[in-house]
1. Can you give me the relative contact order of segment 159-314 as a percent, contacts being Cα pairs under 8 Å and 6 or more apart?
2. Please say if segment 216-314 is rounded, prolate or oblate, where rounded means a/c under 1.5 for a ≥ b ≥ c the square roots of the C-alpha gyration tensor eigenvalues, and otherwise the choice is prolate for a/b larger than b/c and oblate otherwise?
3. Run the quick spin-label model on residue 211 and residue 87: label points 7 Å from Cα toward the beta carbon, then report their separation in nm to one decimal.
4. Which of the three applies to segment 117-225, rounded, prolate or oblate, going by the alpha-carbon gyration tensor with a ≥ b ≥ c and a/c under 1.5 meaning rounded?
5. Measure nothing fancy, just the Cα-based angle from helix 279-292's long axis to the longest principal axis of the chain, in degrees from 0 to 90, nearest 10.
6. Can you give the Rg and Dmax of segment 223-272 based on its C-alpha atoms, in angstrom?
7. Quick one: grab the alpha carbon gyration tensor of segment 165-237, order the square roots of its eigenvalues as a ≥ b ≥ c, and give me rounded if a/c is under 1.5, else prolate or oblate depending on whether a/b is larger than b/c.
8. Can you tell me the orientation of helix 183-194 relative to the chain, as the angle in degrees between its alpha-carbon axis and the longest Cα principal axis, to the nearest 10?
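Just so it is clear, none of the values below were taken in a lab; they were calculated from the coordinates. Since this is a predicted model, take the numbers as computed values, not measurements. Counting neighbours? That spans all protein chains shown, and the Cβs are built from the backbone with ideal geometry, glycine included.
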Ligand code: C5P
């Protein structure tokens, strides 16, 4: 039987605004997401047993139900027992390149790749919307990761509307390797401080969503203006994460002063990115950051913005 190798890109948030609380306990969000060229690689093959097995290149990652990639495989087995009975168990090899618990949807994109890969391996013929709706059962970012590119994500983040992608732009990404931020903690901390400002669900939230639709970030994307997008980057979760992690706040300040188009924390952090116009500019900015923060714990990456999600390599 065939082996499939898939590329699973990370994402950044160009925009993340928290509107209020939902009846399911999640937050109602408006986000603008963009795929980036920093990617994990997954290989799926039938293993001739009755087991789903996950093998990770990183010792930091669990190879069991704790791992979203494993949970995605288990969900597919539950949903398609006949295909599982016919094709048998699967080995999933995960080469981890995206930093973990970093606000870059690394776990979500791996899960999205497993959904896409098993759809092929088991010849299920599911459409992208069908895979996205399965993904939404496991995590809010997974539907975006399936399709990738650029999208406005609403609801709890699982409702996706495509946006124009920003081609030919680059990022410097920075994260203290030893630092991870828990997403539930970030939302909970935000809620403790700002719940009184939450909009009631209904007309008020719809009105705010409309304002964001016609606001500067989306205008910048539709006009393909990197300068405007750089100036309109926004993330509510910075208000919860930066005060609790002064090291990240200081990193953000250093990066913002390097002359890129804009700097922002991605998702629930702690990765901070700077948007740049050219590949040579990202290299200069990376060197500048390294000079100002020589701490060996600071990881730096460069990546282009890209226009696709999960891609089948072979
Ligand atoms: O959906 P996902 O599993 O990625 O969410 C992780 C956690 O982040 C949730 O358990 C919840 O605490 C928080 N969250 C939220 N509202 C959202 C998305 C996530 O409160 N829209």
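1. 41 percent.
2. Rounded, since a/c falls under 1.5.
3. 4.7
4. rounded
5. Helix 279-292 sits at roughly 70 degrees to that axis.
6. Rg then Dmax for segment 223-272, in Å: 11.3, 36.
7. Note, shape of segment 165-237 comes out oblate.
8. Between the helix axis and the principal axis of the chain, the angle is about 40 degrees.
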